[in-house]
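Data first, discussion second: the structure below is written as structure tokens.
The values are calculated or read from the model by the stated rules, or taken from the named source; none is laboratory data. From a predicted model like this one, the values you see are computed outputs, not experimental measurements. Positions of Cβ are backbone-derived with ideal geometry, glycine not excepted, and every protein chain shown enters the neighbour counts. Side chains included, ligands, DNA and RNA excluded: accessible areas come from the protein's heavy atoms. Shrake-Rupley method; radii C 1.70, N 1.55, O 1.52, S 1.80 Å.
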Amino acid sequence: MLEIKNLHAQVEGKKILKGLDLTIQPGEVHAIMGPNGSGKSTLAQVLAGRNEYEVTEGEVLYNGHNLLDLEPEERAREGVFLAFQYPVEIPGVNSTYFLKAAFNEVRKHRGEPELDALDFLSLVKEKMKVLELPQSLLNRPVNEGFSGGEKKRNEIFQMAVLEPKLAILDETDSGLDIDALRLVAEGVNKLKRPDNSQLIITHYQRLLDYIVPDFVHVLYDGKIIKTGGKRLALDLEERGYDWLLHEYRAQTPSQQPSLAGAR
Amino acid sequence: MSTSTETIEQFINREYQYGFVTDVESDEAPRGLSEDTVRLISHKKGEPKFLLEWRLKAYRYWLTMKEPVWPNVHYPKIDYQNIIYYSAPKQKTDGPKSLDEVDPKLIETYKKLGIPLREQERLAGVAVDAVFDSVSVATTFKGKLGEMGIVFCSFSDAVKEHPELIKKYLGSVVPYTDNYFAALNSAVYSDGSFCYIPKGVKCPMELSTYFRINAVDTGQFERTLIVAEEGSSVSYLEGCTAPRRDTNQLHAAVVEIVAMDRAEVKYSTVQNWYPGDEMGRGGIYNFVTKRGLCKGVCSKISWTQVETGSAITWKYPSVILKGDQSVGEFYSVALTTNYQQADTGTKMVHIGKNTRSTIISKGISAGRGQNSYRGQVKVMRSATGSRNFSQCDSLLLGDKCGAHTFPYLEVKNTSSTVEHEASTSKIGEDQIFYCRQRGLSTQDAINMIVNGYCKEVFRQLPMEFAVEAQKLLGVSLEGSVG
Ligand SMILES: Nc1ncnc2c1ncn2[C@@H]1O[C@H](COP(=O)(O)OP(=O)(O)OP(=O)(O)O)[C@@H](O)[C@H]1O
Ligand SMILES: [Mg+2]
């Protein structure tokens, strides 16, 4: 599904990803954890194709093709979906209208007929039940005036409608109340299929109580420094990152930046 | 940021799709302006004496005036002696009596512009007056409207058939002394539309005028006069295009609206004159005076404009709220790209008691476009209990364009309230990326964001035209038709 090899990326001359390797097979759920500023969102943005993030080295294969050659919209139509850490507001653009346009782009790309407004609406109603999203949100402009939690839920709702092959969730859990967290996690689980994969960026173990990952990776200073099973997330919850960093520094005695603000 | 700016700029270079020229023989006045030109135009139109006198007074007054310099627009001095003031496609007969007598080339031209003149082909419920250079070439649905007592015809026909109405209302809202371009128009205007809605009649269809400049170096000076009698209502739409040429052409129109007691007039404009090329060569100078008079109690005049064309736009559709409890509205979307300049806005003059006005202005600047909003709200001492709300938003695409806001507020009594809100925002790279991440192309993303921003104004347009306006904005923002 996804194969990232020795990925280096920078933004405005600042090196952020420094040789990242990650392989995701179809049907797998991977979690990425790591202290603030370690490069998690950068990885997500690079995979989605944001052009401010410049890839200086390495490659990314997506279903055997070079992902980095594709424009962001081509990646999206090929099934790469990013649930943003900070979803933007698009004033005046109706949510349903927006989502229908996106949905039909994907259909067109697959050579499938576009859905008309009526058929699309019934599809939307279907998906809405899964996430218990209030209908009123969909009659409003995209994310405009949505609460933080509503924005996150709306991201997952869009994911439910677009049915991506590779979904990247960037801190979708932060800002959600306890009930919303459960709903969103259940929604994500229902979207899991043997032929699609999920990459979940989070700071908290509690999301992983619901969405059980096959692998947990720790990203630090632009590299994955530890990979484990779901157990690793529990360890991190209990002990923080410090022990890991000690272990990491012991292995690589070269200069490591200090870790201010890591939990 | 530089890369993102480039992406945006790539998508605002547009193709003007109405730039073709129709090859028709025309009957033109010689270049230049003098009393003789004025007499010639009046003669060609077979006008009554009072009109010629009025034109001459306007011309003499114009000679004493100076071109205004206060708008925030810049252009080389206009040589008024190098303009052709009258150009009409040659007709075999005295002027077409029916569509069958109209030159097929003209009908073809309007068809290409998306304005089929054959009545059976028309969108159900829209009557059209087509003005080609200086004259009206066809007016549709005249008969059907006539049965209800509605007069909808070219200005020239109105002069012949209803001289008393013209005499009564011409210049009653915009006197020729009003401003430089209004005076010029009054002297040399050649045609336009006239519309009269009798007492109590609700006009059953949209009325529209379509202006087309075709001939080279001609100015277009048309007049529109709409009179809505007590308790009547009408919705009116105006569209405009011109061929692509390297030289600038002048369009100086006057629109006057009179609304009596409880009458409602809605005037919508989709202005798409040739804007000049991407280097700023050519394009129409659109210097227009539009004003409505809410003469009667509870009358209402509403202006909605979508301005995407012209090299320079200078235009302030206004409402004089004279009748008690009358209502004035102004909804505007003005787009400037490349080297276009727009100085537009409105004037709301509150005279009657408990009058209300609303102003919603959405400026969009891209490329090197310069967009100014200029709005005046004047509440006279007599206008007690009046209210105004103004909202002026500017959207910038790229970093070489500009947006300016000049609000003038004047309130002469204490029981009235005036509210003004303004904002300037940049189209966000974040917003575009968000859309692209969902599978939309950059073009579609920009269109969607800009259309969302204009929503409040588009909502005011009649349904079909709202769709048109959205498409037009799309085309103006893109390289190709969406
Ligand atoms: N556009 C940018 N310009 C400059 N620096 C940037 C930019 N984007 C990211 N960075 C920097 O890159 C580093 C990694 O940022 P990133 O957002 O990927 O971290 P993160 O792991 O997602 O952190 P968090 O857990 O706080 O969300 C940070 O130091 C950040 O300040
Ligand atoms: Mg982040």
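Tabulated data
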read-out	value
Cβ-Cβ FRET estimate between A:GLU163 and A:GLU237, R0 fixed at 22 Å, reported to 0.05	0.10
Packing-based order for B:253-262, B:169-178, using average beta carbon neighbours within 10 Å, highest first	B:253-262, B:169-178
Shielding score for A:76-83, defined as the mean number of other chain Cβ atoms within 10 Å	3
Residue-level accessible surface for A:LYS108, protein heavy atoms, 1.4 Å, Å²	110 Å²
At R0 = 60 Å, FRET efficiency that the Cβ-Cβ distance of B:LYS49 and B:ASN72 yields, to 0.05	0.90
B:TYR80 paired with A:LYS5, simple spin-label distance in nm, labels 7 Å along Cα-to-beta-carbon	7.6 nm
Packing-based ranking, highest mean first, of B:48-61, B:330-343 given that Cβ atoms within 10 Å are counted	B:330-343, B:48-61
Derived scalar couplings ³J(HN,Hα) [the range B:332-349; Karplus, 6.51 cos²θ - 1.76 cosθ + 1.60; whole Hz; x for Gly, Pro]	9, 10, 10, 10, 10, 10, 6, 10, 5, 10, 9, 10, 9, x, 8, 9, 10, 10
Local electrostatic count, A:ALA83, Cβ distance below 14 Å [Lys/Arg +1, Asp/Glu -1]	-1
Heavy atoms of A:ASP119 accessible to a 1.4 Å probe, total area in Å² rounded to 10	80 Å²
Using a Förster distance of 35 Å, the FRET efficiency for B:PHE389-A:ASP177 (Cβ separation, nearest 0.05)	0.40
Charge context of B:GLY328, other residues only, Cβ under 10 angstrom, K/R +1, D/E -1	+2
Listed residue pairs exceeding 25 Å between alpha carbons, taken from A:LYS125/A:LYS192; B:LYS44/B:LYS144; B:LYS66/B:LYS266; A:LYS152/A:LYS192; A:LYS18/A:LYS151	B:LYS44/B:LYS144; B:LYS66/B:LYS266; A:LYS18/A:LYS151
Where A:TYR241, B:TYR408 fall by accessible area, highest first, once all protein chains stay in place (1.4 Å)	B:TYR408, A:TYR241
Listed residues B:ASP324, A:ASP116, A:ASP69 arranged by accessible area, highest first, probe 1.4 Å	A:ASP69, A:ASP116, B:ASP324
Peptide-level mean, for A:61-72, of C-beta atoms on other protein chains within 10 Å	1
Length-normalised contact order for chain A - Cα pairs under 8 Å, 6+ apart - percent	27 percent
Spacing of the two label points (7 Å from each Cα toward its C-beta) at B:THR177 and A:THR23, in nm	8.9 nm
Shielding score for A:84-94, defined as the mean number of other chain Cβ atoms within 10 Å	6
Separation between Cα centres of the range A:72-129 and the range B:326-341, rounded to whole Å	32 Å
Rounded to the nearest 10 Å², the accessible area of B:SER208 at probe 1.4 Å	10 Å²
Heavy-atom accessible area order for B:LYS66, A:LYS230, B:LYS300, largest first, 1.4 Å probe	B:LYS66, A:LYS230, B:LYS300
